[in-house]
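Student: Just passing along the structure, written as structure tokens.
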Amino acid sequence: MNITVINGTPVKGVTYHMKNMFLEHFDKNVTITEFYPEDMPDLCVGCKNCFMKGEALCPHKDKTMPVWESFLKADLIVFAYPVYALRAPASIKTLLDHLCVHWMVHRPKKEMFSKTVAIITNSVGAPNGAAQKDVKTSFSWMGVSRIYTCGAGMMGDIFWDKITAKSLKMLRKKTKRLYKKVHNIKPLRRMRLKEAVRFMACKMIHKATLKNEDTPSLDNQHYIEHGWIKAKPANSKSWRS
Ligand SMILES: Cc1cc2nc3c(=O)[nH]c(=O)nc-3n(C[C@H](O)[C@H](O)[C@H](O)COP(=O)(O)O)c2cc1C
């Protein structure tokens, strides 16, 4: 089993230890690749090269590509991050921004459709749902249907070196519960309803936009190459399907 982990904080605090508690349950045959905030791309500059010319022309490709390639090889993708301002921290958001090109509205990767994502978060006390949704939304739009979450409200118990036995027990219980959900996952054979409906809508959008294009956009070329929409017949004014 290949696991790719995105750590959303450089601090070896609650998040780091929650993630380790979760990973410790896996046996030694598992290959784990970890990325930290220093491995994340800089802020997206908004050039839109990824959409219009190809992601190889992204100014931050040297940081984005290794993470993306690791995702494509992974059976399980793990995000571990603290809640900042009720949301995911900026290191996570900047990665997500660089992956928009792989949303189903653009150029999704088939490999992603069968994957599983696990999101581990914690906060002082605020609900973790909105922060988890940042990652959930992105991966759902990439066609990932199986996304599990594990969130902990620390109730002020936020310094790892002073953590109480009660909080430790709670974190152990939650991370073990997450492990039980994902430890023997097989690739998902079919997208679930929400993602399948979105994908169908995306196919319709691409089919419609292709009609007005003399040369198919990169996104439409991608859809044609994968057989998700049909190519426009050459010199056909009455092209309909
Ligand atoms: C910049 C910043 C913003 C934060 N925002 C929130 C917040 O909106 N709600 C909350 O409950 N905790 C918030 N926290 C607290 C962290 O989520 C909490 O301390 C968490 O346990 C930190 O994990 P760590 O030990 O891995 O750094 C914030 C902390 C920082 C540093």
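FYI, it's all coordinate maths here, none of it is from the lab. What you see is a predicted model; the values in this text were computed from it and never measured. Here the Cβ is made from the backbone with ideal geometry for all residues, glycine too, and neighbour counts use every protein chain on show.
Student: Each residue of region 120-132 in turn: what ³J(HN,Hα) in whole Hz from Karplus with 6.51, -1.76, 1.60 and θ = phi - 60°, glycine and Pro shown as x?
Tutor: Taking θ as phi minus 60°, the curve returns 10, 9, 8, 8, 4, x, 5, x, 8, x, 5, 5, 5 Hz for region 120-132.
Student: Using 7 Å Cα-to-Cβ label points, what is the Asn184/Glu69 separation (nm, one decimal)?
Tutor: Output for this residue pair reads 3.4 nm.
Student: Here's something else I'd like to know. Arrange the following residues from fewest to most other Cβ atoms within 10 Å of their Cβ: His106, His25.
Tutor: Numbers: His106 21, His25 14.
The fewest-first ordering by Cβ neighbours comes to His25, His106.
Student: Please state the charge dipole magnitude for region 2-182, taken about the Cα centre, from unit charges on C-beta atoms (+1 on K and R, -1 on D and E), reported in debye and rounded to the nearest 20.
Tutor: Numbers: 27 positive and 15 negative charges, 156 e Å.
Once rounded to the nearest 20, the dipole reads 740 debye.
Student: Here's something else I'd like to know. Net charge near Val197, counting Lys/Arg +1 and Asp/Glu -1 over other residues with Cβ under 15 Å of its Cβ?
Tutor: Working: positive: Arg190, Arg192, Lys194, Arg198, Lys203; negative: Glu195.
Local net charge: +4.
Student: Taking H as built 1.01 Å from N, whose amide H comes closer than 5 Å to the amide H of Met104, not counting residues under 5 places away?
Tutor: Those lying under 5 Å, H to H, from Met104 are Met142, Gly143.
Student: What does DSSP give for the chain in terms of the percent of beta bridges that are antiparallel, rounded to the nearest 5?
Tutor: Values: 1 of 26 bridges.
The antiparallel proportion sits near 5 percent.
Student: When only C-alpha pairs under 8 Å and at least 6 residues apart count, what is the relative contact order of region 1-41, in percent? Show your work: numbers first, answer last.
Tutor: Details: 36 pairs, mean separation 26.9, N = 41.
Here the relative contact order equals 66 percent.
Student: With θ set to phi - 60°, apply the Karplus curve 6.51 cos²θ - 1.76 cosθ + 1.60 along region 187-194 and write out the HN-Hα couplings as whole Hz, x wherever there is a Gly or Pro.
Tutor: With coefficients 6.51, -1.76 and 1.60, one gets x, 5, 7, 9, 4, 7, 3, 4 Hz.
Student: Taking neighbour Cβ counts within 10 Å as the exposure measure, how do Ile77, Ile92, Ile3, Ile147 sort from fewest upward? Could you put the intermediate results ahead of the total?
Tutor: Numbers: Ile77 24, Ile92 27, Ile3 21, Ile147 18.
The fewest-first ordering by Cβ neighbours comes to Ile147, Ile3, Ile77, Ile92.
Student: For Cα pairs less than 8 Å apart in space and 6+ apart in sequence, what is the mean separation divided by the residue count of the chain, i.e. the relative contact order in percent? Kindly include the intermediate steps, with their values, before the conclusion.
Tutor: On the way: 379 pairs, mean separation 49.4, N = 241.
For the chain, the relative contact order is 20 percent.
Student: Take Ala126 and Asp42, extend 7 Å from each Cα along the Cα→Cβ direction, and tell me the distance between the two endpoints in nm.
Tutor: 2.8
Student: Quick query: amide H of Arg146 versus all other amide H atoms, modeled in the peptide plane; which residues come in under 5 Å with a sequence gap of 5 or more or a different chain?
Tutor: Val117
Student: For region 95-112, what does the Karplus curve 6.51 cos²θ - 1.76 cosθ + 1.60, with θ = phi - 60°, yield as ³J(HN,Hα) per residue in whole Hz, taken in order and with x for Gly and Pro?
Tutor: Each residue of region 95-112 in turn: 5, 4, 4, 6, 9, 4, 4, 9, 5, 4, 6, 10, 10, x, 9, 4, 4, 5 Hz.
Student: May I ask you to sort Cys100, Cys47, Cys202 by Cβ crowding, counting other Cβ atoms within 10 Å and putting the fewest first? Please report the intermediate quantities before stating the final value.
Tutor: Details: Cys100 16, Cys47 13, Cys202 21.
The fewest-first ordering by Cβ neighbours comes to Cys47, Cys100, Cys202.
Student: Quick one: which residues, 5 or more positions from Ala152 or on another chain, have an amide H under 5 Å from its amide H? H modelled 1.01 Å from N in the peptide plane, none for Pro or chain starts.
Tutor: The answer is Thr121, Asn122, Ser123.
Student: Something else: How large is the helix-only mean residue ellipticity at 222 nm for the chain, computed as the sum of -39500 (n - 2.57) over DSSP H runs with n ≥ 4, divided by its residue count, in deg cm²/dmol to the nearest 500?
Tutor: -12000 deg cm²/dmol
Student: Can I ask one more? Dipole of the chain (Lys/Arg Cβ +1, Asp/Glu Cβ -1, origin at the Cα centre): which of Ser91, Cys44, Tyr81 lies farthest to the positive side?
Tutor: Comparing the listed Cα positions along the dipole, Tyr81 ranks first.
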